[in-house]
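Student: Please see the structure below; I have some questions.
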Amino acid sequence: MKNFLDESEKLDEARALVASMPLDEIDVSDWNIFQDNTVFAYFERLRQEDPVHYHENTKVGKPYWSITKFSDIKFVDTHNELFSSEPSIVLSATDAFEIPSFLNTDAPKHDDQRKVVAPIVSPTNLANLEPIIRQRAGDILDGLPIGVEFDWVERVSIELTSMMLASLMNFPQENRHKIVRWGDAFSLGIDGGQVLSDEQRKAETQECFEYFLNLRNQRAQEAPSHDLVSMLAHGEATKDLQGVAFLANVMLLIIGGNDTTRNSISGSVLALNTYQDQFEKLKNDHSLVKGLVPEIVRWQTPLAHMMRVATQDVQLGGKNISKGDAVVMWYLSGNRDEEIFDNAHKLDIERSNARQHVAFGYGIHRCLGNRLAEMQLRILWEEILKRFSDIEVVGPAVRSKSSFIRGIQSLPVIVHK
Amino acid sequence: MPKLIFVSHDGNEHAVDAKSGTTLMNAALDNGVPGIDGDCGGECSCGTCHVMVDRKWLDKVGSTSGFEESMLSMNAEREESSRLSCQIIVSDKHDGLRIVIPAHQM
């Protein structure tokens, strides 16, 4: 393995450091340990010693509970009567993101609003999208330079996912970079780790809001069509959403469709380079793409956590969670829980239970676009394997400074015919 | 052992001798019937074991529970006869039950 891909030494150092810390000094809201990817050392200790852990002094400036074991995460995710998604599903140093989209809303409002946009990922619509995605993936890959270093994130991950999102919204393709910019401005600052200045964020948000308001007003005048903006414009539960409530749902769809799949695509190249035996296996048997897809989503876990707020006093794992407490489900930790996934840090494209991962969440908030995300990953890899003998990572990945978005900002590669 | 007949979206039939006490979902998965994912392992929390059960069987199969209802209501392709197969426990009274599996799980 290339030096910059081998993180075992760094992780061992982190394990030693974590082992020397008093338990109550551990704080997994610290975005720096996500950026340097040592957070796994912290999760390991929490899973072993205190899987439902209360953090008092924290980087985000407020106390929270960490839920780190797979089974407890599923419990919290599926008991919405005990754990509410309001006012926010992100553990954040700021409340600037407490805006009411259907993701951070409970039933029945959540159900009504979600149902408005659900048809976008119906099996019928996905079947219609498949040839479009394949065509675009092929075009993107055919345009890549051979034998020359470039940034995979910029040239492939962002290109494919932003084209897709623009299509789903019937947003002008030539302006799709705007969606990426607005989404990044919003999501990268979401937990307080990587912030734009307030002015910059406000300016981006305002531009986004005005653009989509305009788009919605146009679509409202037209007959209903099968795109997300038209669905919001005509949907009974969404057509009258004003101001920030409208913006929130637009942002949710942008973030849901933009940087999640982007980071899984980037993660797939990084993972297959880190675990070359798996890459070789895949190259020898292209049908293994089927197993690669859920395993990548597990391994990358593009959203590291979701937060809930206890609606009443709850006992969990022998601990007393009080009404009003913030409860953080660390999907990233659950997906590396050795009780569920053998050799959990390793990428294993033939892992028999990879599909059980918690990266999409469980229950009524389960990722709406999960099948679309899987389809994009599958098609991209089918097209890659037809064309190239190798995608070689030639330098370290730059990771996002965030405990929410598990992002890869850049990934230098050389593609070989 | 009740005999169950799973019907794929393409009309292919899979007859299964199911053990009483197992779930409809596991009866399908354990016998290699294609078309059911069951990502959450049978806990009514992912919606990927969606099937259609003939209305005629409703009194023997029972109706949806509250959480199952919530999960099904998120499915754009839900039909009147839709159920999550992890929520139906197979017993002798289900002998001959026909279960239709949709083309896709969401």
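The values are calculated or read from the model by the stated rules, or taken from the named source; none is laboratory data. Model, not experiment: these values are computed from the prediction. Note that each Cβ is placed from the backbone with ideal geometry, even for glycine, and that neighbours are counted across all protein chains shown.
Student: Could you check region A:343-355 and list, in sequence order, the residues that are crowded, with 23+ Cβ neighbours inside 10 Å and either under 19 Å from the mean Cα position of the chain (by Cα) or at the interface with chain B (Cβ under 10 Å from one of its Cβ atoms) (or both)?
Tutor: Selection gives A:LEU347 alone.
Student: Of the conditions (1) aliphatic (A, V, I, L, M); (2) under 21 Å from A:LYS386 (Cα atoms); (3) more than 14 Å from chain B (Cβ to nearest Cβ), A:LEU129 clears all except one; give me its number.
Tutor: Condition not satisfied by A:LEU129: (3).
Student: Regarding region A:202-212, can at least one residue be identified that is closer than 22 Å to A:MET307 by Cα and either over 17 Å from the mean Cα position of the chain (by Cα) or among the β-branched types (Val, Ile, Thr) (or both)?
Tutor: Within region A:202-212 (the criterion being closer than 22 Å to A:MET307 by Cα and either over 17 Å from the mean Cα position of the chain (by Cα) or among the β-branched types (Val, Ile, Thr) (or both)), the answer is no, since none of the residues qualifies.
Student: Would you be able to say whether some residue in region A:11-24 is in contact (Cβ under 8 Å) with a residue 24 or more places away in the chain, more than 14 Å from chain B (Cβ to nearest Cβ), assigned to a loop (DSSP other than H, G, I, E, B) and closer than 25 Å to A:ASN263 by Cβ?
Tutor: Taking every residue of region A:11-24 in turn, none turns out to be in contact (Cβ under 8 Å) with a residue 24 or more places away in the chain, more than 14 Å from chain B (Cβ to nearest Cβ), assigned to a loop (DSSP other than H, G, I, E, B) and closer than 25 Å to A:ASN263 by Cβ.
Student: Collect the residues in region A:29-78 that are of a type in the set (Gly, Ala, Ser) and farther than 19 Å from A:VAL18 by Cβ, keeping them in residue-number order.
Tutor: Scanning region A:29-78 gives A:GLY61, A:SER71.
Student: Of the conditions (1) crowded, with 19+ Cβ neighbours inside 10 Å; (2) within 11 Å of chain B (Cβ to nearest Cβ), A:SER88 fails just one. Which one is it?
Tutor: A:SER88 satisfies every listed condition except (2).
Student: Six or more apart or on different chains, Cβ atoms under 9 Å: show the pairs whose first residue is in region A:362-377 and more than 9 Å from every other protein chain (Cβ to nearest Cβ) and whose second is assigned to a loop (DSSP other than H, G, I, E, B) and among the small types (Gly, Ala, Ser).
Tutor: A:HIS365/A:SER85; A:CYS367/A:ALA359; A:CYS367/A:GLY361
Student: Which residue, of A:PHE186, A:PHE102, A:PHE150, is touching a residue at least 24 places away in the same chain (Cβ under 8 Å), away from every other protein chain (no Cβ under 14 Å) and crowded, with 21+ Cβ neighbours inside 10 Å?
Tutor: The match here is A:PHE186.
Student: In region A:358-397, how many are β-branched (Val, Ile, Thr) and modelled with pLDDT under 95?
Tutor: Residues in region A:358-397 being β-branched (Val, Ile, Thr) and modelled with pLDDT under 95: 1 in total.
Student: Out of curiosity, is A:GLU56 surrounded by fewer than 17 Cβ atoms within 10 Å (Cβ to Cβ), at pLDDT below 90 and either more than 30 Å from A:LEU232 (Cβ to Cβ) or within 19 Å of the chain's Cα centre (by Cα) (or both)?
Tutor: Answer is no for this residue.
Student: Restricting attention to strands (runs of 3 or more DSSP E) lying wholly within region A:52-168, give those where 3 or more residues are among the polar types (S, T, N, Q) and more than 23 Å from A:LEU368 (Cβ to Cβ).
Tutor: none
Student: So which residues in region B:76-106 are within 12 Å of chain A (Cβ to nearest Cβ) and surrounded by 19 or more Cβ atoms within 10 Å (Cβ to Cβ), if there are any at all?
Tutor: Residues satisfying the conditions are B:PRO102, B:GLN105, B:MET106.
Student: Residue under question is A:GLU339, and the condition is that it be within 18 Å of the chain's Cα centre (by Cα), modelled with pLDDT of 95 or more and surrounded by fewer than 22 Cβ atoms within 10 Å (Cβ to Cβ); does it hold?
Tutor: No, not satisfied.
Student: So which of A:PHE34, A:PHE4 is more than 17 Å from A:SER402 (Cβ to Cβ) and of a type in the set (Phe, Trp, Tyr)?
Tutor: A:PHE4
Student: Among the numbered criteria (1) closer than 22 Å to A:ARG399 by Cβ; (2) loosely packed, with under 14 Cβ neighbours inside 10 Å, which single criterion is violated by A:ALA203?
Tutor: (1)
Student: Still on this structure, please answer the following. Restricting to region B:40-56, name every residue that is more than 8 Å from chain A (Cβ to nearest Cβ) and crowded, with 17+ Cβ neighbours inside 10 Å.
Tutor: Matches in region B:40-56: B:GLY42, B:THR48, B:CYS49, B:HIS50, B:VAL51, B:MET52, B:VAL53.
Student: May I ask you to say which residue of B:SER20, B:SER8, B:SER73 is surrounded by 16 or more Cβ atoms within 10 Å (Cβ to Cβ) and of a type in the set (S, T, N, Q)?
Tutor: Residue meeting the stated conditions: B:SER73.
Student: Within the group A:ALA310, A:ALA248, A:ALA326, which residue is among the hydrophobic types (A, V, I, L, M, F, W, C) and in contact with a Ser or Thr (Cβ under 6 Å, 6 or more places away or on another chain)?
Tutor: Exactly one residue qualifies, and that residue is A:ALA248.
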